[in-house]
Amino acid sequence: MKNRMKRIYSSIKKYHFIPITLAPALIILGAYVYYPTLFSLYLSFFKTQLYKTVEFVGLEHYLSLFHDQVFRIAFKNTLVYSVGAVSGTIVVGLGMALLLDSPLKGKDIFRSTFFMPYVIPFAAHALLWYWILDPRYGLVNHVLGFFGINPIPWLQSRSWVLPAFILMDVWKRSGFAMVLFLAGLQTIPDELYDAATVDGASEWKKFWKVTLPLLRPVTLFVVIMSLLHTLQLFVEPFLMTKGGPGQASLSVVYLIYREGFRTLNIGRSSAMAVILFLVIFIITILLIQFFDIEEIY
Amino acid sequence: MNELFKFIKKIWNPIGNLSRYRFRRIILQLFKYIILIILLLVIVIPIYWVFSTSLKPASEIQAWPPQWIPQPITLESYRYAFRLLPIGRFFLNSLIVTSVVIVSNIVTCSIAGYTLARKRFLGRNFIFGLILSSMMVPLHVRVIPMYLMSLKLGLENTYPGIFLPIASTGFGIFMMRQFFITLPGEVMDAARIDGCGEWGIVFRIVMPMSKGAVSSLALFALVWSFEDFLWPLIITSSTNMRPLQVGITLFLGLVVYEWGPVMATTALTITPMIIIYILLQRRFIEGITAGAVKG
């Protein structure tokens, strides 16, 4: 008996190492990634009632969403927010990296501090800014007051709510971009700058002709990571504005949440999710083409 | 006017003894520091403000102009927060979920990463592709079926319900595989000749050799489980099962414009993350850059 157990054990060891090591990961990914993704696609073709499919409707959800005013607004808001937040993060992050990419006293302190907001959980981040952006007692308006700027109703006005969200995201994620840009800057060989100096290039020209082109792989990575994050804007509208004022801060994921878990229209909600997924997918592919890099995995 | 310029030049001349080049450099350096310090303040002050608000007496919080330093310092807001909601329970929930996510990611991602990096078998590239593609699917696409499935399995308001979706991650497997591929194969061959089994190689040779990668993965897992908001929000409906990051937002429904308790709990949520970050910042930054620069 003992011998048999031993034999079974050794045969498991010999032949089943590969499946056993892959199984836990694949089971979890299967249950929580592959299956739900396909099921979402399936659901998006159905009319649903209280979490049950009722009737196959084909592309009806997609067609109706195409003409749906609210969905369009949410989509536009999400895109505006994404473009603003991603470009802000890139510019500020690159600026921080360039400032810190030279021998400097206290460099480590600056670098560590700039990265710090990145580790703050999103919910805490939203609450923090909710208070700081308070129109009457908020710190931001107080500080702006020093410069003679009148209080801005950040979250209470249609035109300021998205800029406020953009500002928050740039504050939180610039340090992340900075760390990546700093790593990218270190991979640029000094000889290139020396050669440019010999050729009489100005600092400005060196930045545009040497630094920026060589930072392309890192930039692509930062842009894709940031887009993946910003296109899924949810916590801020959910906690701070409920999509308001009016529909000024409605985002696609917030609409998916509302439609799926409040109105319980999961077919339509799934169709929205699929559309957003396709948009993210296509943008990613286009970006990789646009940046034209092989070494991206 | 010309006289004035000449005069200024004369006054500046002592500085001009430094070469003009050095003078320009000093000005430039000064300018750099000014920008850096402004950025530093922009980052630090909002974080400081959370702590300062949380320590103020209720009457001071909405004082205008705002008080920079709380006076007197009081824990009133913290007491109020703990009375309103089971903050201790939120902490416990987060601690349980986070520990499980960290351990299970380290184990499952390491063994799968090892097999993908070091073993040859039919369908390896297919499986690796499948795992990579899982990184492309954002949560919002899967969240409704995930919820329906969890309801059916009775996972609502349970710890497994919260942590299972991130118990093993495509990114983690990818990261470990990329690292294991760089390890010298001779070490593993030597262990094999000495009679070490495959499991022994993974847990006694490969993982100890990859302490850096393993601890980066642990940090990522920590951040994931703390950042995850939408999923824990959906899968927990009873207040007692909420993890910290979801629990603290419940104040917004309980109090209206009472920032004291809200900032107190925000401070409690931020503090552990900032402490861990300060202690392990090198690992954080290494982990993040490894993902980008190595691919």
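The values are calculated or read from the model by the stated rules, or taken from the named source; none is laboratory data. Computed from a prediction, not measured in an experiment: that's the story for all the values here. With ideal geometry, Cβ positions are generated from the backbone for all residues, glycine too; neighbour counts draw on all protein chains shown.
Some notes on this structure:
- Figure legend. Inter-residue proximity from the stretch A:275-287: first residues assigned by TED's automatic domain parsing to the domain that holds A:Q232, second residues modelled with pLDDT of 90 or more and outside any helix (DSSP H, G or I), beta-carbon distance below 7 Å, spacing 6+ or different chains. Indicated pairs: A:L276/A:L231; A:I280/A:L231.
- For B:M263: the one exception among (1) free of Cβ contacts under 8 Å to residues at least 12 places away in the same chain; (2) within 10 Å of chain A (Cβ to nearest Cβ); (3) not charged (D, E, K, R): (1)
- Here the condition is being polar (S, T, N, Q), assigned to a helix (DSSP H, G or I) and within 12 Å of the chain's Cα centre (by Cα); of B:Q245, B:Q281, it holds for B:Q281 alone.
- B:V100, sole failed condition from (1) more than 7 Å from chain A (Cβ to nearest Cβ); (2) in contact (Cβ under 8 Å) with a residue 60 or more places away in the chain; (3) farther than 19 Å from B:I235 by Cβ: (3)
- From A:W154, A:W129, residue being in contact (Cβ under 8 Å) with a residue 12 or more places away in the chain, touching a Gly at 6+ places or on another chain (Cβ under 8 Å), in the same structural domain as A:F234 (by TED's automatic domain parsing) and of a type in the set (F, W, Y): A:W154
- Looking across B:W259, B:W199, one residue alone is aromatic (F, W, Y) and either under 20 Å from the mean Cα position of the chain (by Cα) or closer than 30 Å to A:Y137 by Cβ (or both). It is B:W259.
- Within the stretch A:101-110, not a single residue is touching a residue at least 24 places away in the same chain (Cβ under 8 Å) and either crowded, with 19+ Cβ neighbours inside 10 Å or of a type in the set (S, T, Y) (or both).
- Subset of the stretch A:11-25 [at pLDDT 90 or above and either under 15 Å from B:I144 (Cβ atoms) or more than 25 Å from the chain's Cα centre (by Cα) (or both)]: A:P24
- Identification of helices (runs of 4 or more DSSP H) wholly contained in the stretch A:171-255 with 1 or more residues that are within 29 Å of B:I45 (Cβ to Cβ) yields A:216-230.
- Residue within the stretch A:218-233 that is under 30 Å from B:P138 (Cα atoms), touching a His at 6+ places or on another chain (Cβ under 8 Å) and more than 10 Å from chain B (Cβ to nearest Cβ) present: no
- Among all positions in the stretch A:69-81, there is no residue which is within 14 Å of chain B (Cβ to nearest Cβ), loosely packed, with under 14 Cβ neighbours inside 10 Å and among the basic types (K, R).
- In the stretch A:86-119, the residues that are within 9 Å of chain B (Cβ to nearest Cβ) and within 12 Å of A:F176 (Cα to Cα): A:V92, A:M96, A:R111, A:S112, A:T113, A:F114, A:F115, A:M116, A:P117, A:Y118, A:V119
- Every test in (1) among the basic types (K, R); (2) loosely packed, with under 15 Cβ neighbours inside 10 Å; (3) part of a helix (DSSP H, G or I) is passed by B:R120 save one, and that test is (3).
- Test: residue in the stretch B:218-241 that is closer than 24 Å to B:V100 by Cβ, facing chain A (nearest Cβ under 8 Å), of a type in the set (A, V, I, L, M, F, W, C) and not in a helix (DSSP H, G or I): yes
- When restricted to residues that are buried (at least 19 other Cβ atoms within 10 Å of the Cβ) and at the interface with chain A (Cβ under 7 Å from one of its Cβ atoms), the stretch B:132-167 contains 12.
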